[in-house]
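Below is one structure; the comments refer to it alone.
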Amino acid sequence: MADNVDEDSLERIKNGDYVVLKRGEDIFKAVQIQPNRKSIFEKQWFLPDTAVGQLYGTTFDIGPGGILQPKKPKDTESSTDAKEAGTDNRNILDDGKSQKLTRDDIENLKEQGLKDQEIIQQLVDNSATFRDKTKYAQDKYIKKKKKKYENTVTILKPSCRILAMMYHGREPGKICHLRYDMLAQMLTLANIHAGSKVLVFETCAGLVLGSVMERMGGYGSVIQMYPGGGPVRAGVESFGFPAHFHDTLHEFPICHVNALLAGTLDTTSKDPSADSKQFDMAAGDGLNPPKAEASSCPVDVKMESNNGDEESPDPEKEEREKRIEAKAQEKKVKLEEKRKKLASAAALLEGRNADGLVIASRFHPCPVVLGLIKFLSPSRPFVVYSQFKEPLIECFTKLKVQGGTVNLRLTDTWLRRYQVLPNRTHPVLLMSGAGGYILSGITVEADRSKPERSQPAEEPPPAKRPKVTDTEG
């Protein structure tokens, strides 16, 4: 019994957890459970911390005061009884006059404390055309009103699939329009598993990085190669990983890759005088000069400014100097931490024995692939995602010419979702037309004694895809 209790407690909502809110079929939002903190989701506010202690996947009713109450099993079924259905909808005219209740009437019903099912029942009773609709049309009408007036929310445990659906539905540009089926193929083709060493270069808000970390389960090493001043990991936080997951994560700026390959990267020594100048510049803001400049002031000037009182200190000046010194010290600590992270990541990369490479970014993939593939051991997979086909075709050709890779494949996936209902099974009308393209391959030990081939290898025809995988959802 004790083991069962422990297993249940792992799947219960706790304060500080990152969760995903769901409403309807495809509306998601990631939030963190914090005490007495409101969340606004689809124009409704509530207190997520009132769900602490409940199981993940529970559907809640939003009660008065934003309190979440678990939805009763009997409420999951429609309480609206189907009226006598008509034969067809040919005589129904959608002129906007069939509903007797006005917007003000519906708002009054909400103020009276009526639940969503009761409001929907009122809408059905006051509809002049509901009885004349077919059974299917009646179900569709009730489903549409539920989506608009149902006051419920479901709390889910974050996963790479759920977060990919959330980003793709709300902000697809942030993840380069990466679809969840393409993300699953990338993780499979790159052979991501626990205990491996994986290089990740992505500009997908941390979604790909978090998916790799989730698949590895906190074992192994993940090295994030990032452009710009620092890594972006907003999506990683939404996963809510335990602390030991972050111990496996390392970071390395991609601008230092060439220096590391050439053996000229120095991560231990740095000019201390340059450091002190940088710290002084950071501490001084023009209005408040650094401590060194303040101390160079002559003694007699200080005495004159203090009207001859040598022992009366200026509290504002001392406080300002303390702030400047604290700011400089904080800058030194941050630089030292950054230097240590750079050194640890460089030590992992110097062996050139990584087990996998995953690239998904808005940048042109060719220079990134050709530079980072040198850190892989032979017989290791690599995967490159791009929203467009042309950059991957160019990359395909350059890898063929350079050699050192086999089993190169350029693929795309056609995903079609189906509505499966009695006598109404058909493809969903609105679906994604394209989910991007994936270039995958395996590294081999290249024979450097042979000269490079003068003629480029055959380029895959632009009009035909080398491989197409059909996935049904």
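The values are calculated or read from the model by the stated rules, or taken from the named source; none is laboratory data. Nothing here was measured: the structure is a model prediction, and the numbers come from that model. As a convention, Cβ positions derive from the backbone with ideal geometry for all residues, glycine included, and neighbour counts pool all protein chains shown.
Computed quantities for the displayed model
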| read-out | value |
| --- | --- |
| Test for PHE201: is it closer than 26 Å to ARG417 by Cβ, aromatic (Phe, Trp, Tyr) and either outside the structural domain of ARG409 (by TED's automatic domain parsing) or in contact (Cβ under 8 Å) with a residue 24 or more places away in the chain (or both) | no |
| Every pair of residues 6+ apart whose Cβ atoms lie under 8 Å, when the first sits in segment 204-219 and is without any contact (Cβ under 8 Å) to a residue 40 or more places away in the chain while the second is outside any loop (DSSP other than H, G, I, E, B) and of a type in the set (Phe, Trp, Tyr) | ALA205/TYR167; MET213/PHE239; MET213/PHE245; GLY218/PHE245 |
| Contacts under 6 angstrom Cβ, first residue in segment 23-43 being part of a strand (DSSP E or B), partner of a type in the set (Phe, Trp, Tyr), 6 or more apart | LYS29/PHE41; GLN32/TYR18 |
| Wholly within segment 319-432, strands (runs of 3 or more DSSP E) carrying at least 1 residues that are over 25 Å from the mean Cα position of the chain (by Cα) and of a type in the set (Ser, Thr, Tyr) | 405-416 |
| Every residue from segment 301-332 that is modelled with pLDDT under 65 and among the small types (Gly, Ala, Ser) | SER305, GLY308, SER312 |
| Members of segment 171-205 found to be touching a Lys or Arg at 6+ places or on another chain (Cβ under 6 Å) and closer than 22 Å to SER432 by Cα, listed by number | CYS176, TYR180, LEU187, THR203, ALA205 |
| Candidate set from segment 127-174 (those that are of a type in the set (Phe, Trp, Tyr) and farther than 30 Å from ILE67 by Cβ); member that is farthest from the chain's Cα centre (by Cα) | PHE130 |
| Contacts under 6 angstrom Cβ, first residue in segment 352-373 being touching a residue at least 24 places away in the same chain (Cβ under 8 Å) and outside the structural domain of LEU399 (by TED's automatic domain parsing), partner crowded, with 22+ Cβ neighbours inside 10 Å and in a strand (DSSP E or B), 6 or more apart | none |
| Residue list for segment 142-174, restricted to those being surrounded by fewer than 17 Cβ atoms within 10 Å (Cβ to Cβ) and of a type in the set (Asp, Glu) | GLU171 |
| Residues of segment 137-158 that turn out to be of a type in the set (Ser, Thr, Tyr), touching a residue at least 60 places away in the same chain (Cβ under 8 Å) and either within 30 Å of VAL383 (Cβ to Cβ) or touching a Leu at 6+ places or on another chain (Cβ under 9 Å) (or both), as a count | 1 |
| Subset tally (residues that are of a type in the set (A, V, I, L, M, F, W, C) and farther than 15 Å from THR58 by Cα) for segment 11-32 | 3 |
| Test: residue in segment 215-226 that is in a helix (DSSP H, G or I) and either surrounded by 22 or more Cβ atoms within 10 Å (Cβ to Cβ) or not assigned by TED's automatic domain parsing to the domain that holds LEU101 (or both) | yes |
